[in-house]
1. Compute the distance in nm between two label points, each set 7 Å from the Cα along the Cα-to-Cβ direction, one at Asp228 and one at Ala128.
2. If I build a Gaussian network model for the chain, linking alpha-carbon pairs within less than 10 angstrom, which residue out of Thr211, Thr81, Thr99 has the largest mean-square fluctuation?
3. Given the protein chains as shown and a 1.4 Å probe, how many square angstrom of Asp220 are accessible, to the nearest 10?
4. In whole angstrom, how far apart do the alpha carbon centroids of segment 43-116 and segment 136-179 sit?
5. If you keep only loop residues by DSSP, which trypsin sites (Lys or Arg not before Pro) in segment 82-181 have at most 14 other Cβ atoms within 10 Å of their Cβ?
6. Dipole magnitude of the chain about its Cα centre, charges +1 at Lys/Arg Cβ and -1 at Asp/Glu Cβ only, in debye to the nearest 20?
7. Kirkwood hydrodynamic radius (Cα pairs, Å) of segment 119-229?
8. In segment 149-229, what trypsin sites (Lys or Arg not before Pro) fall in a loop by DSSP, with at most 15 other Cβ atoms inside 10 Å?
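The values are calculated or read from the model by the stated rules, or taken from the named source; none is laboratory data. Please read these numbers as outputs of a predicted model, since none were measured by experiment. Virtual Cβ from ideal backbone geometry, glycine too; neighbours counted across all protein chains shown. With ligands, DNA and RNA removed, areas are computed over all heavy atoms of the protein, side chains included. Shrake-Rupley method; radii C 1.70, N 1.55, O 1.52, S 1.80 Å.
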Amino acid sequence: MNDVFDLRQGLARALDGREPAWEFIRGFAACWERPLEPADGFGEAELAAAERRLGVPLPAALREAYGLFGRRSDLTSNHDTLLGPDQLYVADGALVYQTENQGAAFWGVLLTDLEQDDPATVMRLDLADKSQERWEPWEPALSTAFVSMVMSELMQLDDGLTDHAEADEDLDLAGTFTELPAVGRSLRWFAGPDVLLREVDGWFLDVRARTPQALDAVRDAVAVDWLDG
């Protein structure tokens, strides 16, 4: 992978709970974007104010994530949006913490689960027929959802080190790259020298590179119509 951060081992550990997840996000940010700093998180006063306004407690995992990287929009809000503590809201029995970029979906935690330290998450589509809307199970733990969020949002950072393409149905990334432990609904992750690839539901492909040379190498190795290449 690279000498700085082992994606495969780090991601495997990240699925074991909150602390391993935050450790992974620290290493991932430092390797693939820039290190986390104390100013990247929200303070206790802002989190407490959110709890008073909402009238519900914030789960430990949500508090810890906000305190660690809540202000890092490059890791949380390039496509979908992590709501700030002052933007959190309650809707139909759930605390909503993330919205899709066009308002087509929302992610949250059921109010009945807020007392848990690392509760499961749910997702709800914004449908024309509101009577058909339901909260559906999403990730098994909030910390896992944040790992997937950080990885996925970085794939959308428009800084010259990402590219995107429709994936050919015969595309075999496993033959060229190392497949990583699964995280995120309908996502497959692969890694190579200084590159991270995300296959979305078998039809779309994103790549993030640490250098322009590594990005060009992926474009040469994977025969698809890259949007920017």
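1. 3.5 nm
2. The residue that fluctuates most here is Thr211.
3. My reading of the accessible area for Asp220 is about 130 Å².
4. Between the Cα centre of segment 43-116 and that of segment 136-179, the gap is 22 Å.
5. Working: sites: Arg124, Lys130, Arg134; in loops: Arg134.
In loop regions of segment 82-181 (DSSP not H, G, I, E or B), the sparsely surrounded trypsin sites (Lys or Arg not before Pro) are Arg134.
6. On the way: 19 positive and 44 negative charges, 138 e Å.
Result for the chain is approximately 660 debye, rounded to the nearest 20.
7. On the way: mean 1/r = 0.0656 Å⁻¹.
One decimal place: 15.3 Å for the Kirkwood radius.
8. On the way: sites: Arg185, Arg188, Arg198, Arg208, Arg210, Arg219; in loops: Arg185, Arg210.
Qualifying residues, ordered by number: Arg185.
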